[in-house]
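Have a look at this one before I ask anything.
What follows draws every value from the coordinates through simple rules; no lab data is involved. Note that the coordinates shown come from a computational prediction; the quantities given were computed from them, not determined experimentally. So basically every Cβ, Gly included, is an ideal-geometry build from the backbone, and we count neighbours across all protein chains shown.
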Amino acid sequence: MKAAVFEKEGRLVIKDVPRPEIDTGSDDVLIEVEAVSICGTDVSIVKVPPAFVIEPGIILGHELVGHIAGKGKNVTGLDMGDRVVVNPNDYCGKCYFCRSNMPNLCENIKAMGVAINGAFAKFVKTTEKVCYRISERVRPESAVMAEPLACVINGTNKLNARPGETAVIMGSGPIGILFLQMFKASGLSKIIVSEPWSFRRDFAVSAGSDIIIDPVSQDLEKKVMKETSRGADIVVDAVGTQLASGIDIVRKGGRILVIGGKTGAVSSFEQIKMITKELRVMGTFLANNSFQPAVDVLESKKIDAGRLVTHTVPLDRIHEGIDLLKEGKAIKVMVDSLDI
């Protein structure tokens with residue numbers, strides 16, 4: 001089968017690779033991939049220098065929807081032909097964190113498309129426990145958003161967002177827009193988005209942002225204070241570099257969530273502000289008890305996650321999709337036509 005394989009720094013190649021095989025006596029499943037979206041992690045891996053270092057020979061891709069095409073005899077909860085989405089971070093179930101209901105922090109986690117082969121191919125292998133059935137009625141554009149949405153729901157649960165509150169989202173990439181949609185559905189009264197890229201600012205407006213700010217040409221803190229009078233109840237750093245700014249614009253007693261995974265980012269701020277404002281600053285990582293809720297939200301159509309897919313490309317044009325994301329000219333790019 002054809003696959004997009006990380007060959008070396010800065011080089012992702014489309015090449016022939018063996019179709020994965022499953023051990024018939026295992027809990028493995030083989031998934032025929034219907035569609036897969038390009039994540040910021042994929043973009044970061046192929047940058048020069050890479051933000052994430054992985055071993056050469058790994059097939060990238062982890063935000064997928066597909067159908068069960070094979071299974072081991074220990075698979076009891078899935079049938080051939082079932083349509084599924086996948087938590088790409090397979091966990092051991094045995095370490096301290098797994099046994100403490102924190103599988104996203106598993107000490108032996110196997111990340112699809114990073115540590116093990118991923119889904120930029122016609123077939124991918126994983127285990128039953130990380131697969132979730134999803135209705136055939138959910139468009140592939142929405143279904144491929146299950147994984148990032150599950151991460152956003154995990155963060156939203158930590159924030160305990162309440163109707164009538166105000167929020168600032170820093171960054172209107174896929175994660176920022178999904179937070180925007182979730183906050184709108186939760187009844188927040190005013191949602192402010194800060195984004196330097198013009199394409200993404202325009203998209204945030206179309207997605208329902210109440211206020212849009214260009215942090216390059218506008219004073220973010222002054223604008224937020226003007227719009228909220230006391231600072232935002234909630235701040236989400238979807239970039240991964242904006243904690244210091246978040247501390248400045250959140251109200252006393254407010255909550256800050258950092259979800260952007262910017263490797264090597266360092267923030268400098270006066271710690272006394274955290275004390276005198278009695279802030280709650282939280283990090284959130286991957287999905288935790290939030291994958292089934294993500295599927296339920298997608299099936300209910302309470303949010304339109306599929307609108308984030310602004311471009312679709314076949315596997316042999318995956319580099320075009322990566323370039324669009326690098327240049328800030330796309331929100332989400334979906335890859336289909338995987339059997340070129």
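Considering the dipole of the chain built from charges on the beta carbon (Lys and Arg +1, Asp and Glu -1) around the Cα centre, which of 30, 106, 84 is farthest to its positive end?
The Cα lying farthest towards the positive end belongs to 106.
Counting pairs of alpha carbon atoms under 8 Å apart in space and at least six apart in sequence, what relative contact order in percent does the stretch 215-268 give?
Worked out over the stretch 215-268, it gives 36 percent.
Kindly work out what percent of the DSSP beta bridges joining two residues of the chain are antiparallel, to the nearest 5.
Given both bridge residues lie in the chain, the antiparallel proportion sits at roughly 55 percent.
Say each of residue 1 and residue 101 gets a label point 7 Å from the Cα, pointing the same way as Cα to Cβ; how far apart are those two points in nm?
3.6 nm
With θ set to phi - 60°, apply the Karplus curve 6.51 cos²θ - 1.76 cosθ + 1.60 along the stretch 241-257 and write out the HN-Hα couplings as whole Hz, x wherever there is a Gly or Pro.
10, 10, 4, 4, 5, x, 5, 6, 9, 7, 6, 4, x, x, 10, 10, 10
Sticking with this structure for a sec: List the residues whose amide H sits under 5 Å from the amide H of residue 35, counting only those 5 or more places along or on another chain, with H placed 1.01 Å from N in the peptide plane.
65
Roughly how many nanometres apart are two label points built 7 Å out from the Cα toward the Cβ at residue 323 and residue 157?
Reported label-point gap for residue 323 and residue 157 is 4.1 nm.
Turning to a different aspect of this structure: Report, in whole Å, the centroid distance computed from the Cα atoms of the stretch 108-186 and the stretch 12-71.
When both Cα centres are located, 17 Å separates them.
Under the definition of Cα pairs under 8 Å and six or more residues apart, what whole-number percent is the relative contact order of the chain? Show your work: numbers first, answer last.
On the way: 786 pairs, mean separation 62.2, N = 340.
Reported as a whole number, the value is 18 percent.
With angles folded into 0 to 90 degrees, how steeply does helix 291-300 sit against the dominant principal axis of the chain? Use alpha carbons for both and round to 10.
80 degrees
Along the charge dipole of the chain, which of 314, 266, 97 sits closest to the positive end, that is, farthest toward it, with unit charges on the beta carbon of Lys, Arg, Asp and Glu (+1, +1, -1, -1)?
266
With charges set only on the Cβ (+1 for Lys and Arg, -1 for Asp and Glu), what does the dipole of the chain come to about its Cα centre, in debye to the nearest 20?
Dipole size: approximately 900 debye.
Quick check: net charge around residue 183, other residues with Cβ under 13 Å of its Cβ, Lys/Arg +1 and Asp/Glu -1?
Values: positive: 162, 184, 190, 255, 302; negative: 165, 210, 233.
Result for the local shell: +2.
For each of 1, 112, 182, count neighbouring Cβ atoms within 10 Å of the residue's Cβ, then give the residues from fewest to most.
With the fewest neighbours first, 1, 112, 182 line up as 1, 182, 112.
Note the full-extension length gain between residue 311 and residue 268 as 0.36 nm times their separation in residues minus their Cα-Cα distance, in nm to one decimal.
Value of the extension gain: 11.8 nm.
Now for a separate question. What is the fewest-to-most order of 248, 339, 237 by other Cβ atoms lying within 10 Å of their Cβ?
Going from sparsest to densest Cβ surroundings: 339, 248, 237.
Looking at the chain as a GNM with Cα springs under 10 Å, which of 131, 92, 151 has the largest mean-square fluctuation?
Per the Cα network of the chain with a 10 Å cutoff, 92 tops the list.
With +1 assigned to the C-beta of every Lys and Arg and -1 to the C-beta of every Asp and Glu, and no other charges, what is the dipole magnitude of the stretch 149-283 about the Cα centre in debye, to the nearest 20?
320 debye
State, as an integer percentage, the relative contact order of the stretch 109-261 based on alpha-carbon contacts under 8 Å between residues 6 or more apart.
Values: 227 pairs, mean separation 28.5, N = 153.
The normalised contact order for the stretch 109-261 reaches 19 percent.
What is the calculated FRET efficiency for residue 52 to residue 229, with r their C-beta to C-beta distance and R₀ = 45 Å, to the nearest 0.05?
0.65
What does the helix-only formula give at 222 nm for the chain: each DSSP H stretch with n ≥ 4 adding -39500 (n - 2.57), the total divided by the residues, and the result rounded to the nearest 500 deg cm²/dmol?
-7500 deg cm²/dmol
Give me a comma-separated list of calculated 3J(HN,Hα) values for the stretch 303-319, in order, Karplus coefficients 6.51, -1.76, 1.60 applied at θ = phi - 60°, integers in Hz, x for any Gly or Pro.
10, 10, 5, x, 5, 5, 7, 8, 9, 10, 9, x, 4, 6, 10, 4, 5
With the dipole of the stretch 103-215 worked out from charges on the C-beta (+1 for Lys and Arg, -1 for Asp and Glu) around the Cα centre, which of 186, 172, 140 lies farthest toward the positive end?
Result: 140.
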